[in-house]
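Report on one structure; see the data block that follows.
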Amino acid sequence: MLLDSVEKPLSNLREENGAGTIIKEYIQINGVRQGIIIESLNKGNPLLLFLHGGPGFPVYPIIKAHDIRLEQFFDVCYWDQRGAGMSYHVKDAKKQLTVEQLVDDTIQVINYLRNKYSQDKVFLLGHSWGTFLGSLVARDKPELFHAYIGIGQIGSAKESEKETYHFILQTAIAKRDNRAQKQIEKVAFNDTYYKNRSYGAIREKFTNKYGGGFKRTGYSHFKILKHVFTCPHYSFQERMNIFPGSIYSYQSLGHIMATTDLVELIPTLNLPVFILQGVHDYQTTYTQAKRFYDSIEAPYKKMYTFHHSAHAPFIEEEERFYTIMQNDVLEIMKR
């Protein structure tokens, strides 16, 4: 049943070809116009909602740039969360964004998809910040999901950042990169790291340089810009909105993410749980993902270690990622 807080689509784009269907819709969710893109091969596959990271940075341009094809296995919904990309509005950005709003928005999007496709349950996949949001939603509404899939799983963001700082500093020392060492030591890690733009810039620069960023091979600002501005199905304004939306979302949610330990907040998930983590991930560290996995009580859980990946194993070890989706995740429906 469609809930009152989600209205019918305001407008849509439908593109069909021999390979399947792409639908772009704007729906009113809890009073805010928000955008979704659904990709399908028209086979009636199970639904999957992909919760992007950031907070506030849509994953769809990255997915398209790297030709990731989750639609082989699912009807995939890429939703730009409130304040991000297709769902960014200048007037709304004057208000504080809250985790509670995003949790409720997520539930409303899921119920919209369940109604639209006449499916009782969906798969929930969170990446990076999306694991923070997704873990909370899975905790609160496990009955809506076949399984929860966490990639770049957050445990304690603070402890993860502490580990990241140690990694870039020790790598600089080991490489005898004196210039880098001085730059890193100049922005010493402390409890308010998430407010320190200088720290953020140095951390991003050297995780990227030392193979612990989004991809082990690096992911430059130029490539990110290129991928955003060549992304199909986004208007020019929606592409532009990604950048102020990311700033707005982080300013609203950075403190909560930085000071919350999901291990303490979520001891139990009453649904199957899959954690996929790159060993070289220093955006959300392997140590914290494993800590989250070990602590969680769930009816079924499994963790996969990607030895050649940083923060994006679905890109860096694509074929193994597909194999897990097909042979393990989808098999959960037969249990």
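The values are calculated or read from the model by the stated rules, or taken from the named source; none is laboratory data. Every value quoted in this text rests on a predicted model; they were computed, and no experiment measured them. As a convention, Cβ positions derive from the backbone with ideal geometry for all residues, glycine included, and neighbour counts pool all protein chains shown. SASA here: full protein model, heavy atoms, side chains in, ligands and nucleic acids out. Shrake-Rupley method; radii C 1.70, N 1.55, O 1.52, S 1.80 Å.
Going through (1) surrounded by fewer than 18 Cβ atoms within 10 Å (Cβ to Cβ); (2) of a type in the set (Gly, Ala, Ser); (3) not in a helix (DSSP H, G or I) one by one, ALA201 falls short only on (3). If I filter segment 206-221 down to residues being touching a helix residue (DSSP H, G or I) at 6+ places or on another chain (Cβ under 8 Å) and assigned to a helix (DSSP H, G or I), which single residue comes out as nearest to ILE151 (Cα to Cα)? Per the stated criteria, the residue is THR207.
Residue count for segment 68-104, restricted to those that are under 30 Å from GLU316 (Cβ atoms), out of contact with any Asp or Glu (no Cβ under 9 Å at 6 or more places or on another chain) and outside any loop (DSSP other than H, G, I, E, B): 3. Looking only at residues of segment 308-333 that are acidic (Asp, Glu) and out of contact with any Phe, Trp or Tyr (no Cβ under 8 Å at 6 or more places or on another chain), we find that the one that is least open to solvent (accessible area, probe 1.4 Å) is GLU318.
Whenever a residue of segment 224-238 is within 16 Å of ASP67 (Cβ to Cβ), its partners that are hydrophobic (A, V, I, L, M, F, W, C) and loosely packed, with under 14 Cβ neighbours inside 10 Å, lying with C-beta atoms within less than 8 angstrom and at least six residues away or across chains, give the pairs HIS233/LEU13. Restricting attention to segment 26-68, the residues being surrounded by fewer than 21 Cβ atoms within 10 Å (Cβ to Cβ) and either modelled with pLDDT of 95 or more or of a type outside the set (Val, Ile, Thr) (or both) number 17.
Mind listing whichever residues of segment 210-222 are out of contact with any Ser or Thr (no Cβ under 9 Å at 6 or more places or on another chain) and either of a type in the set (S, T, N, Q) or modelled with pLDDT of 95 or more (or both)? THR217, SER220, listed by residue number.
From the set of residues in segment 93-142 that are touching a Leu at 6+ places or on another chain (Cβ under 8 Å) and charged (D, E, K, R), which is least open to solvent (accessible area, probe 1.4 Å)? Here the answer is ARG114. Please enumerate the residues belonging to segment 291-302 that are touching a residue at least 60 places away in the same chain (Cβ under 8 Å) and open to solvent by 70 Å² or more (accessible area, probe 1.4 Å). ARG291 - this is the single residue of segment 291-302 that is touching a residue at least 60 places away in the same chain (Cβ under 8 Å) and open to solvent by 70 Å² or more (accessible area, probe 1.4 Å). The helices (runs of 4 or more DSSP H) falling completely within segment 222-326 that include 2 or more residues that are touching a Pro at 6+ places or on another chain (Cβ under 6 Å) and more than 13 Å from GLY155 (Cα to Cα) map to 236-259. Per the conditions (1) part of a helix (DSSP H, G or I); (2) over 17 Å from the mean Cα position of the chain (by Cα), the sole criterion not satisfied by GLN119 is (1).
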